[in-house]
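Read-outs: derived from the displayed coordinates by stated rules, not from any lab. Only a predicted model underlies this, so the values are computations on that prediction, with no experimental measurement involved. Neighbour counts run over all protein chains shown; Cβ positions are idealised from the backbone, glycine included.
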Amino acid sequence: MGLLHLIRPRQWIKNAFVLAPLLFSGSFTRRAAVLEALAAVLVFCLASSAIYVINDLTDVEADRLHPVKCRTRPLAAGTVTAPQARMLLAALGALLLASLVWQPATAVVVIGYLALNVAYSLWLKRVPVVDLFCVAGGFVLRVFAGAVAISVVLSSWMLITTLCLALYLAAIKRRAELGDRGTVARTVLGSYTVALLDRYAEISAVGAIIFYSLFVIEVRPGLAMTIPLVLFGLFRYWYLVEGTGGESPTDAVWRDWLLGVTVLGWALVCAYAIRGG
């Protein structure tokens with residue numbers, strides 16, 4: 001159970017971003033494209049789990065001093081030993097290598113994702129502002145991989161909207177960490193204030209809404225009905241952070257049925273509108 005917890009399967013929901021090009025290009029009606037996109041999601045699940053193991057191995061001493069992570073992180077809690085974690089990492093690496101050979105189209109993007117996250121785990125997470133863009137960059141690379149996997153051109157609108165949305169989520173997460181536990185949660189939080197992170201989140205949220213709306217107006221007018229859902233989702237998540245001190249977007253989607261229904265509803269409405277158009 002500890003090894004399963006170490007690879008954080010609950011976090012795999014983030015890899016749904018890989019499916020964005022499949023949805024917005026209308027390629028979800030083609031069986032071959034769906035299979036290629038799902039294969040890319042699987043590759044990113046392996047890659048992200050490998051990064052989680054590396055991160056936990058790197059941060060084990062700091063996690064033991066953290067009031068929450070000392071109980072929830074397997075290495076810090078002692079439910080998994082370092083040698084076991086390294087063996088798991090080797091197994092994930094072998095599976096990931098095999099998957100890249102199986103699906104070479106996304107190999108370069110996945111390697112870039114791994115390089116970015118290793119650099120983040122070892123150094124960049126301690127650099128203010130850069131840490132936020134590293135987190136956001138991971139989501140952008142997921143979307144880019146989804147486009148590469150099904151051989152479609154990545155829309156500039158989708159790229160900048162994803163970046164803004166990911167920066168919003170990263171800023172809100174840092175804000176919640178700083179507000180709940182101060183600089184104990186992360187060293188880099190000593191360089192931020194709640195007010196500054198609020199401004200970052202506001203700028204990013206406004207950017208995401210504007211660019212998504214422009215995309216809808218210019219490229220997919222049939223998706224106009226999804227704009228209220230996007231606004232509601234952003235509002236609801238910020239409400240959850242303010243009300244409960246929650247800091248993880250993935251936990252919010254799993255735990256708050258209203259937010260989960262909003263995300264699912266948005267995806268279904270998009271699929272219906274694009275297929276009908």
| For the chain, what Kirkwood radius comes out of the mean inverse Cα-Cα distance, in Å? | 19.5
| message | Cut-off under 14 Å on the C-alpha distance; same-chain residues fewer than 8 positions from LYS69 excluded. Which aspartates and glutamates are left, in chain and number order? | response | ASP56, ASP59, GLU61, GLU177, ASP180, GLU247
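To make sure I understand, if each residue's beta carbon is the centre and we count other beta carbons within 10 Å, what order do TRP266, TRP254 fall in, fewest to most? Write down the numbers at each step before the final one.
Details: TRP266 19, TRP254 13.
By the 10 Å Cβ count, ascending, the order reads TRP254, TRP266.
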| field | Gyration tensor (Cα) of the range 148-223, equivalent ellipsoid semi-axes in angstrom | value | 32, 14, 8
| message | Please report the net charge: other residues with Cβ closer than 14 Å to the Cβ of GLN84, K and R +1, D and E -1. | response | +1
| request: Extending each Cα 7 Å along its Cβ direction at ARG236 and ARG64, get the distance between those two points in nm, one decimal. | output: 4.1
| request: Give the Cα extents of the range 106-174 along the principal axes, in whole Å, largest first. | output: 36, 23, 14
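Rank the residues ILE51, ILE227 as a footprinting-exposure proxy: fewest other Cβ atoms within 10 Å of their Cβ go first. Working shown, then result.
Values: ILE51 23, ILE227 15.
Least to most surrounded, the residues fall as ILE227, ILE51.
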| note | Excluding residues fewer than 8 positions from LYS14 in its own chain, the aspartates and glutamates with Cα under 13 Å of it are ASP251
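Which order do LEU197, LEU154 fall in if you start with the one that has the fewest other Cβ atoms within 10 Å?
On the way: LEU197 22, LEU154 19.
The most exposed by this proxy come first: LEU154, LEU197.
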| query | Rg(Cα) of the range 1-128 divided by 2.2 N^0.38 Å? | reply | 1.17
